[in-house]
Amino acid sequence: MKIELRRGGIRLIVVLFAAFLMALNIQTFVNAGGLYPGGAQGITIIIQRIALKYFNTRIPYTPINVILNIIPIYIGFRYIGKKFTLYSMIMVLSNGFFVDMIPSHVITNDPLLIAIFGGLLSGVALSICLMVDATSGGTDFISIFLSQQKGIDAFPIILAGNCVILTVAGFLFGWDKALYSIIFQYVATQVLHMMYRTYQQQTLFIITDKPAEVCETIYKIANHGATLMHGEGSFEHNNKMVVYSVVSASDTRKLIPAIKDIDPGAFINSIRTDRVQGNFYLKPRD
């Protein structure tokens, strides 16, 4: 019980920190540079700027963002996980609160620096949030739902949605900011890919003299099975066993050193996998 409370407390603190970091990014780099993030945040900012430019009315960030997240939050509760969705709701609400409380501040007027460093900060904030099983809401829920429940690669769908957001922003507010926003979103995506690897897969080809022990280790650490193949060395023509397995990229950090401990002479080839069809275990969201 104490361990669960401690984990929950740490998770809450990390979510609040990520929400503050994301809000700080919005009130410095994003708003200062006139940029547009993707997803519900980008739509919220566009609505705020439309109201200000065409109706001379300032609308708070929080109510718009909450309304846009109603359907994604329902999807989260219904199909992904209740605790996961609860912490994501905390992220959405606290992020909105911080955005409305933190005053806008210009760090630099260089649009390229704003796009690059804003993207870095956005990617770090989202990665921190995802590492403790929460999201910033919006399209993140839809992406996880399609990946986890339907086995669909959601990236093209999210990319198309972001292209629509940037096209609307370009028509309404000028193409220069929309084009710099592409750099912002690209940098954020690259940071996310480097820091958060749960939904990425790696294919392992392991040539070993201890295939049974290696397979058992793969199952214990990654909860994935493996396929054994007979091989023959081309130089000495010795018979070798090849262990083939596809695992989550995040598991390779523990898995490869564990395999080397079992068989120091094992030859391991780790290849990035773009797409997997069939049953692939993903740890369920709580």
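The values are calculated or read from the model by the stated rules, or taken from the named source; none is laboratory data. If you're wondering where the values come from, they're calculated on a predicted model, not measured in any experiment. For neighbour counting, all protein chains shown are included, and Cβ atoms are generated from backbone atoms with ideal geometry for every residue, glycine included.
Of note:
- Subset of the range 1-58 (residues that are crowded, with 22+ Cβ neighbours inside 10 Å and not in a helix (DSSP H, G or I)): 35, 36, 37, 38
- The range 205-222, residues that are assigned to a strand (DSSP E or B) and surrounded by fewer than 17 Cβ atoms within 10 Å (Cβ to Cβ): 205
- Residue count, the range 78-97 (criterion: aromatic (Phe, Trp, Tyr) and more than 18 Å from residue 12 (Cα to Cα)): 1
Conditions tested, residue by residue: (1) out of contact with any helix residue (DSSP H, G or I) (no Cβ under 9 Å at 6 or more places or on another chain); (2) of a type in the set (Val, Ile, Thr); (3) farther than 30 Å from residue 112 by Cβ; (4) modelled with pLDDT under 90.
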| site | (1), (2), (3), (4) |
| --- | --- |
| 33 | no, no, no, yes |
| 52 | yes, no, no, no |
| 58 | no, no, no, no |
| 61 | no, no, no, no |
| 68 | no, no, no, no |
| 82 | no, no, yes, yes |
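- Looking only at the range 66-110, residues that are among the charged types (D, E, K, R), part of a helix (DSSP H, G or I) and free of Cβ contacts under 8 Å to residues at least 12 places away in the same chain come to 1 in all.
- Any hit, the range 230-237, residues being in a helix (DSSP H, G or I) and modelled with pLDDT of 85 or more: no
- Restricting the range 251-275 to residues that are exposed (fewer than 12 other Cβ atoms within 10 Å of the Cβ) and of a type in the set (A, V, I, L, M, F, W, C), the residue that is modelled with the lowest pLDDT is 271.
- Failed item, numbered, when residue 182 is tested on (1) touching a residue at least 40 places away in the same chain (Cβ under 8 Å); (2) within 30 Å of residue 35 (Cβ to Cβ); (3) in contact with a Leu (Cβ under 7 Å, 6 or more places away or on another chain); (4) aliphatic (A, V, I, L, M): (1)
- The listed residue being modelled with pLDDT of 85 or more and surrounded by fewer than 18 Cβ atoms within 10 Å (Cβ to Cβ), out of 172, 159, 126, 166: 172
- No other residue among 146, 113 is assigned to a helix (DSSP H, G or I) and either of a type in the set (Val, Ile, Thr) or modelled with pLDDT of 85 or more (or both) apart from 113.
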